[in-house]
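Have a look at the structure below, then the notes.
The values are calculated or read from the model by the stated rules, or taken from the named source; none is laboratory data. Just so it is clear, the structure is predicted and the values come from calculations on it, not from any experiment. Ideal geometry is used to build each Cβ from the backbone, glycine not excepted, and the neighbour counts take in all protein chains shown.
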Amino acid sequence: MTLFRNPFDASKKLRSGCSCGAHASEEEHRLAATAVDAPSGSDEAVMRGVVESAVMRAIFPNDASRRAFLNAVGSTTASAVLSSVFPIATATEVFAQTGPVEKKNLKVGFIPITCATPIIMAAPMGFYAKQGLDVEVVKTAGWAVVRDKTINKEYDAAHMLSPMPIAISMGLGSTPTPFATVAIENINGQAICLATKHKDKRDPKDWKGFKFASPFDYSMHNYLLRYYLAEHGLDPDKDVQIRNVPPPEMVANLRADNIDGFLAPDNIVQRAVYDGVGFVHTLSKELWDGHPCCAFAASKEFITQAPNSYAALLRAIVEATAFASKAENRKQIAEAIAPANYVNAPVTVLEQVLTGTYADGLGGVKKDPNRISFDPFPWESFAVWMLTQMKRWGQIKGDVDYQKIARDVFLTSDAAKAMKDAGLTPPTATSKTFAVMGKTFDPAKPDEYVASFAIKRS
């Protein structure tokens, strides 16, 4: 779907009955705006199309004359002629500039974990205020609550697990609601933690019968834990138990012997070490270095109905992410997000996570400056990989249009624009290959990838 009708297509009517000129009525416009595949409105190609359509309507008030002209010279020549007599590129740039925010006071939900660092720190460190926004970041009990409050418009946007906007858009676990991942909050930043009593069970083959915790069904934690177990010959649905536990409750469950371990955000893992009840078995980056974890997400309705507020919010998040990516800022950030209304953790714990110098719970101190990293670009190939794991473990059935869903949900163009505004250089591509536990993933061949696994539900 496009936001506009191609003005150089003689078979299409250019005159329409809605405000954007793309639809036969305002009702059709409204429905299109909330469709799963509706664009965000900030894509450069979309903006150029809107400008071209407006200019063509001005030159040819009558559709019949426009079609006659196009039939005579062809669409390519017509486009070239239009560009030669009117500054299309300049007009597109001007058109794309955001105006005053439609809504200044916003609520953004978050889970108190270091994965939410850019979203949280943007409040006390002034990144939201810089964009003219008054944002209340609201600590929330669990992922299902975050999802439901955002769907119900109690939150304007939210910290979400990267797979959640995909699941919400597809109606997995909730009513289908068009959502978007507009920025990745963190990469890496997770670990498998085992109870202290299991220090002698470092080989996963010894884990049969273990009870593990994961934050949510539609999470990188769940998919990476399952991947790790399966690569070591354990069926995650038969040989162990995996139960959903909100991250803030994981350490207490480990202490109470309700679980044997978990794959969770690093501040939860490090708190288990700090409290003497667990140890770091392996960092998630050792499974997949550079993997996404959490995301900044919003509904397509919010994006289309408050585009300037959305753009300002995204700029704030991206600028905060850029600030967090620099090692020299990490101790300052740890102090900013430590208070009870944010992560509610000792500064020491957060510094260990954010600086990468940490106690492992086995008597050692390790250094890994990339234990957690921050890069906002939502690669479409990340979304494709998540979809392969949903397919692998039976969360989705039948044929999957991997590429379309990835494009619809992961708004790379919006992130790229915000990165440019923040002085960053976004990637020129939208997908890339990567390796998970030594196995290369080609986003162009998702079905082959799913079929290659010996342990799966699909």
Checking the structure you have, find out if any residue of region 110-119 is farther than 30 Å from ASP257 by Cβ and either surrounded by fewer than 16 Cβ atoms within 10 Å (Cβ to Cβ) or touching a helix residue (DSSP H, G or I) at 6+ places or on another chain (Cβ under 6 Å) (or both). yes
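Look at LEU263 and say whether it is farther than 29 Å from TYR155 by Cα and touching a residue at least 40 places away in the same chain (Cβ under 8 Å). Can you show your working first?
Working: farther than 29 Å from TYR155 by Cα: no; touching a residue at least 40 places away in the same chain (Cβ under 8 Å): yes.
No, not satisfied.
Filter region 408-458 for residues that are closer than 30 Å to TYR310 by Cβ and without any contact (Cβ under 8 Å) to a residue 60 or more places away in the chain and give the result. Full working, then the answer.
The initial filter retains those residues of region 408-458 that are closer than 30 Å to TYR310 by Cβ, namely 408-432, 434, 443, 446.
Across region 408-458, the qualifying residues are THR412, ALA416, LYS420, THR425, PRO426, PRO427, THR428, ALA429, THR430, SER431, LYS432.
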For region 243-257, indicate whether the set of residues that are within 26 Å of the chain's Cα centre (by Cα), at pLDDT 95 or above, polar (S, T, N, Q) and under 16 Å from SER284 (Cα atoms) is non-empty. no
Filter region 402-458 for residues that are over 23 Å from LEU287 (Cβ atoms), among the small types (Gly, Ala, Ser) and touching a helix residue (DSSP H, G or I) at 6+ places or on another chain (Cβ under 6 Å); the one that is surrounded by the fewest Cβ atoms within 10 Å (Cβ to Cβ) is ALA422
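Tally time: how many residues in region 228-273 are of a type in the set (Asp, Glu) and assigned to a helix (DSSP H, G or I)? Talk me through it step by step, then tell me what you get.
We begin by selecting, within region 228-273, every residue of a type in the set (Asp, Glu); these are 231, 235, 237, 239, 249, 257, 260, 266.
Going one step further and asking which of them are assigned to a helix (DSSP H, G or I), we end up with 231, 249, 266.
Residues flagged as of a type in the set (Asp, Glu) and assigned to a helix (DSSP H, G or I) within region 228-273 amount to 3.
For region 112-219, which fully contained strands (runs of 3 or more DSSP E) count at least 1 residues that are touching an Asp or Glu at 6+ places or on another chain (Cβ under 8 Å)? Please lay out each step first, then the result.
Numbers: elements: 134-139, 157-161, 179-184, 190-195, 211-214.
Strands (runs of 3 or more DSSP E) meeting the threshold: 157-161, 179-184, 190-195, 211-214.
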Filter result for the condition that a residue is touching a residue at least 60 places away in the same chain (Cβ under 8 Å), in the same structural domain as ALA122 (by TED's automatic domain parsing) and under 16 Å from the mean Cα position of the chain (by Cα), over VAL343, VAL349, VAL318: VAL318
Region 132-183 - residue that is in contact (Cβ under 8 Å) with a residue 40 or more places away in the chain and acidic (Asp, Glu) and, of those, surrounded by the most Cβ atoms within 10 Å (Cβ to Cβ): ASP156
Looking at (1) surrounded by fewer than 19 Cβ atoms within 10 Å (Cβ to Cβ); (2) among the polar types (S, T, N, Q); (3) touching a strand residue (DSSP E or B) at 6+ places or on another chain (Cβ under 6 Å), which is the only condition GLN352 fails? (1)
